[in-house]
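The values are calculated or read from the model by the stated rules, or taken from the named source; none is laboratory data. The model shown is predicted, which means the values in this text are computed figures rather than measured ones. Ideal geometry is used to build each Cβ from the backbone, glycine not excepted, and the neighbour counts take in all protein chains shown. Note: accessible area is taken over every heavy atom of the protein model, side chains too, but ligands, DNA and RNA are not part of it. Shrake-Rupley method; radii C 1.70, N 1.55, O 1.52, S 1.80 Å.
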Amino acid sequence: MKNFWVRTASATVYAGFFLGSIYSGQLLGNPVAGNIILTTFALFVAIGCTFEFFRLVSKQEATPSRWLGYVLVIAATTLLSLKYILITEMGIAKSAIFHILDFGTLIVTPVVLALQLWKHSERPFADAMYTLLPALYIALPLGLMTTLHYEMNVLVMCIIMVWVNDSGAYMGGSVIGKHKMWERHSPGKTWEGTVIGILAAIFMGVLVGPLFDTQLLWYDWVALALICGIVGTLGDLTESMLKRSVNAKDSGNIMPGHGGFLDRFDSLLFILPIVCAYCFLFK
């Protein structure tokens, strides 16, 4: 019972900070300030996730360039957010500086490889990939939160559907789960629980989604619920694979009863790019 209340209190604080950063622009009456606050929150989470990622892979005797990894994560998260704020919110036309920044991303990989060779790494390619991966796996999705912020109700509903999916999968698997989904890396996850979680996300999307002020119709909410349920589960399994590979139960302990940053954001890291793509392509 004590653990339940600890988990509840921890989840309440987490939800308060997350939702507060998303709606801060409305609360302050200043969209630009709201985007800056959300970017700051995304940076905080990105750095926390990167710290946990490097700590996990270090148990595999990997030696990535951590300082460079942090620089890439901070730069990627900030630049993705900054481009949206400058172009959309502040009306600054896309200029040469943005093309320079885009071109810069193309030379990151060879630069990282060169640095790994320079430091005489025994596994330069593996360590270079470990250095680069947080920028792709962590910074890219979190940086896109500001881009999706133009439809903040969609962003909030996706977060809620991920939570509902996770809760439905956990409760459904606990009650009727029999067939293991991926026992090697996530022994507690079952096919029955996964299906119940996805159905719960669809139910939440169709029932609650239309109540928000958005341009989405009921079938859009079904599509987004499927993304949150299916792709979010893949994100959860991927993080479980990383933890199991180093015999770790949780990625960290920043949130009592819930684990670390990666434990809480593993699903969102996978769904945010796809949700952004869906909104831009179909809406």
Residues within the range 204-241 that are part of a helix (DSSP H, G or I), touching a residue at least 24 places away in the same chain (Cβ under 8 Å) and either within 30 Å of Y130 (Cα to Cα) or open to solvent by 10 Å² or more (accessible area, probe 1.4 Å) (or both), tallied: 19
Any hit, the range 43-56, residues being of a type in the set (D, E) and either at pLDDT below 90 or open to solvent by 20 Å² or more (accessible area, probe 1.4 Å) (or both): no
Residue identified as open to solvent by 30 Å² or more (accessible area, probe 1.4 Å), in a helix (DSSP H, G or I) and modelled with pLDDT under 70 among I97, I85, I92, I160: I97
Unmet requirement for R244, which otherwise passes all of (1) farther than 30 Å from E61 by Cβ; (2) of a type outside the set (V, I, T); (3) open to solvent by 30 Å² or more (accessible area, probe 1.4 Å); (4) in a helix (DSSP H, G or I): (1)
Residue within the range 254-272 that is assigned to a helix (DSSP H, G or I), touching a helix residue (DSSP H, G or I) at 6+ places or on another chain (Cβ under 7 Å), open to solvent by 80 Å² or more (accessible area, probe 1.4 Å) and at pLDDT 90 or above present: no
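Take the conditions at pLDDT 80 or above, open to solvent by 60 Å² or more (accessible area, probe 1.4 Å), farther than 27 Å from I22 by Cβ and aromatic (F, W, Y) and apply them to W118. Does it pass?
Details: at pLDDT 80 or above: no; open to solvent by 60 Å² or more (accessible area, probe 1.4 Å): yes; farther than 27 Å from I22 by Cβ: yes; aromatic (F, W, Y): yes.
The answer is no for W118.
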Among (1) open to solvent by less than 70 Å² (accessible area, probe 1.4 Å); (2) out of contact with any Lys or Arg (no Cβ under 6 Å at 6 or more places or on another chain) - the single one M181 does not satisfy: (2)
